[in-house]
Amino acid sequence: MTKQTENIAALMQDIGEKAKQAARVLSTATTEAKDAALIKSAESLRRRQNEILSENAMDMELGEEKGLSGPMLDRLALNEDRIEAMAKGLEDIAALADPVGTVTDEWNRPNGLVIQRRRVPLGVIGIIYESRPNVTADAGSLCLKSGNAAILRGGSESFHSSAAIMESLGEGLAAAGLPENAIQRIPTRDRAAVGEMLSMTETIDVIVPRGGKSLIERITAESKVPLFKHLEGICHVYVDAEAAPDMAREVVINAKMRRTSICGAAETLLIDRAASPDMLQRVVSGLVEAGCEVRGDAEVRAVDPSVVAASDDDWGTEFLDAVIAVKTVGGVDDAIDHIAHYGSNHTDAIVTDNAETAERFLDRVDSAIVMVNASTQFADGGEFGMGAEIGISTGKLHARGPVGVEQLTSSKFVVRGSGQCRP
């Protein structure tokens, strides 16, 4: 083991032990203290806006020098509106009900025992994410509200931005009298730190990876710590023959083009072959006019000369850019089969005026989020009224869909007796 590796191992062990100690304090912290920390952190973000933007400008410059793609730079970029959104997100989380201690069920046994099921924090949560610096605020604040300590490992691209945001979170914790080690950021770009995190079974209870396919694959293969997996967002919109044309056009354009770099952006459009030629034409032309590259099958290419031929790989690609794959299908069942084959179980939507068709889609598409007549860009914990999210879990154990404060808790059973002994 090299000296550098030994130093990283020692650093991570120290961070883990401090997080575990902080988690014990947070597990019984009052709602008032946690909310005060969040509100003070929001105030600090606004007050230190210029400093955060200055650090982000440094990250953006380094990102451009590294040749980051346009979508990656968009994820990395901060501005006044995005900082305000972070601050507002902290305040929204503070306004949420505290899940810790909530009694979710209670019953009496014939022998007189009274049994309760209560929500409790998970403990220490490790979050590994790539370029989006706002995850620092979102993840740290959600862990705090749910009584968990957080260890944050942001991407090297957002190194300076995340450090500046962490300063505000630290100010909030200190102002509320909570341990500043409740939210820690790994202060190194060294990839060995990730490897250490994945083996810290004694101090980390769960890891949440947020990033590209290669990051998720590595973490899934190597982690000894349980995961909330957030896989690719290969999101579909299916336009049924009985969809309202104007609605179909608007929903599809928004689902693809509002922000192309987020995981809820639509990547594939499926259109019922029985839909009118005018419907197909209007939707495709709307995408092209909005600046989107359309890759389609022969039927799609026939309606617009700017459409390029789609390859087989396009149906399973998360473009995260102004590119969409468009395919004609033979009705809702054909669309469901396509989604089952190529999708990532993230978010899929149908546009239709037929309630029976909509229900068939909802019942048979096995994704974390399934929508009717709404843009996939609503796949977001904040939009669901959850304050924010730590990610969209595409797995099926413990939590699925947006992971908010409630999903960051587990349960324990509390049993009250009066001297009962089991015969």
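Taking Asp278 as the residue in question, decide whether it is over 21 Å from Ser306 (Cα atoms) and either modelled with pLDDT of 95 or more or in the same structural domain as Ala349 (by TED's automatic domain parsing) (or both).
No: the conditions fail for Asp278.
Look at region 302-327 and say how many of its residues are without any contact (Cβ under 8 Å) to a residue 12 or more places away in the chain and closer than 26 Å to Arg75 by Cβ.
Going through region 302-327 one residue at a time, the tally reaches 1.
Residues being surrounded by fewer than 18 Cβ atoms within 10 Å (Cβ to Cβ) and part of a loop (DSSP other than H, G, I, E, B): count how many of those fall in region 256-296.
Matching residues across region 256-296 total 7.
Pick from Gly381, Gly385: which is assigned to a loop (DSSP other than H, G, I, E, B), modelled with pLDDT under 90 and out of contact with any strand residue (DSSP E or B) (no Cβ under 6 Å at 6 or more places or on another chain)?
Selected residue: Gly385, the only one of Gly381, Gly385 that is assigned to a loop (DSSP other than H, G, I, E, B), modelled with pLDDT under 90 and out of contact with any strand residue (DSSP E or B) (no Cβ under 6 Å at 6 or more places or on another chain).
Kindly provide the set of residues from region 161-192 that are over 25 Å from Arg24 (Cβ atoms) and either among the aromatic types (Phe, Trp, Tyr) or surrounded by 19 or more Cβ atoms within 10 Å (Cβ to Cβ) (or both), ordered by number. So that I can check it myself, show each step before the final result.
Just the residues of region 161-192 that are over 25 Å from Arg24 (Cβ atoms), to begin with: 161-165, 188-192.
Within region 161-192, Ser161, Ser162, Ala164, Ile165 meet the criteria.
For Lys224, work out the one condition from (1) among the charged types (D, E, K, R); (2) in contact with a helix residue (DSSP H, G or I) (Cβ under 6 Å, 6 or more places away or on another chain); (3) part of a loop (DSSP other than H, G, I, E, B); (4) surrounded by fewer than 24 Cβ atoms within 10 Å (Cβ to Cβ) it doesn't fulfil.
Every condition holds for Lys224 apart from (2).
Of the residues that sit in region 345-387 and are within 30 Å of Ile39 (Cα to Cα) and among the hydrophobic types (A, V, I, L, M, F, W, C), which one is nearest to the chain's Cα centre (by Cα)?
Ala379
When you scan region 110-127, do you find a residue that is surrounded by fewer than 20 Cβ atoms within 10 Å (Cβ to Cβ), free of Cβ contacts under 8 Å to residues at least 60 places away in the same chain, assigned by TED's automatic domain parsing to the domain that holds Ala164 and not in a loop (DSSP other than H, G, I, E, B), even just one?
Within region 110-127, not a single residue is surrounded by fewer than 20 Cβ atoms within 10 Å (Cβ to Cβ), free of Cβ contacts under 8 Å to residues at least 60 places away in the same chain, assigned by TED's automatic domain parsing to the domain that holds Ala164 and not in a loop (DSSP other than H, G, I, E, B).
Suppose we keep only residues that are assigned to a loop (DSSP other than H, G, I, E, B) and of a type in the set (Val, Ile, Thr) within region 17-48. Which one would you say is surrounded by the fewest Cβ atoms within 10 Å (Cβ to Cβ)?
Thr28
Condition check ((1) of a type in the set (Asp, Glu); (2) closer than 28 Å to Ser285 by Cβ; (3) assigned by TED's automatic domain parsing to the domain that holds Met257) across all residues:
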| site | (1), (2), (3) |
| --- | --- |
| Val329 | no, yes, yes |
| Thr347 | no, yes, yes |
| Val351 | no, yes, yes |
| Arg360 | no, no, yes |
| Ile392 | no, no, no |
| Gly395 | no, no, no |
| His398 | no, no, no |
| Pro423 | no, no, no |
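Can you pull out the residues in region 236-246 that are crowded, with 18+ Cβ neighbours inside 10 Å and among the acidic types (Asp, Glu)?
Asp240
Please work out which one of (1) without any contact (Cβ under 8 Å) to a residue 12 or more places away in the chain; (2) buried (at least 20 other Cβ atoms within 10 Å of the Cβ) is the condition Arg249 fails and give its number.
Failed condition: (1).
Taking interchain pairs and intrachain pairs at least six residues apart, which have beta carbon atoms under 6 angstrom, with the first residue in region 276-296 and on the phi > 0 side of the Ramachandran plot and the second surrounded by fewer than 22 Cβ atoms within 10 Å (Cβ to Cβ)?
Between residues of region 276-296 that are on the phi > 0 side of the Ramachandran plot and residues that are surrounded by fewer than 22 Cβ atoms within 10 Å (Cβ to Cβ), the close pairs are Gly291/Ala322.
Of all residues in region 55-94, how many are over 27 Å from Lys145 (Cβ atoms), surrounded by fewer than 13 Cβ atoms within 10 Å (Cβ to Cβ) and not basic (Lys, Arg)?
The qualifying residues number 6.
Does region 45-67 contain any residue that is in contact with a strand residue (DSSP E or B) (Cβ under 9 Å, 6 or more places away or on another chain) and of a type in the set (Ser, Thr, Tyr)?
Taking every residue of region 45-67 in turn, none turns out to be in contact with a strand residue (DSSP E or B) (Cβ under 9 Å, 6 or more places away or on another chain) and of a type in the set (Ser, Thr, Tyr).
Matching residues to (1) modelled with pLDDT under 95; (2) surrounded by 24 or more Cβ atoms within 10 Å (Cβ to Cβ); (3) of a type in the set (D, E, K, R); (4) in contact with a helix residue (DSSP H, G or I) (Cβ under 6 Å, 6 or more places away or on another chain):
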residue	(1), (2), (3), (4)
Phe319	yes, no, no, no
Thr328	no, no, no, yes
Ile336	no, no, no, yes
Ser344	yes, no, no, no
Glu359	no, no, yes, no
Ala368	yes, no, no, no
Ile390	yes, yes, no, yes
Ser418	no, no, no, no
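The values are calculated or read from the model by the stated rules, or taken from the named source; none is laboratory data. All figures in this text were calculated on a predicted structure; none of them were measured in a lab. Positions of Cβ are backbone-derived with ideal geometry, glycine not excepted, and every protein chain shown enters the neighbour counts.
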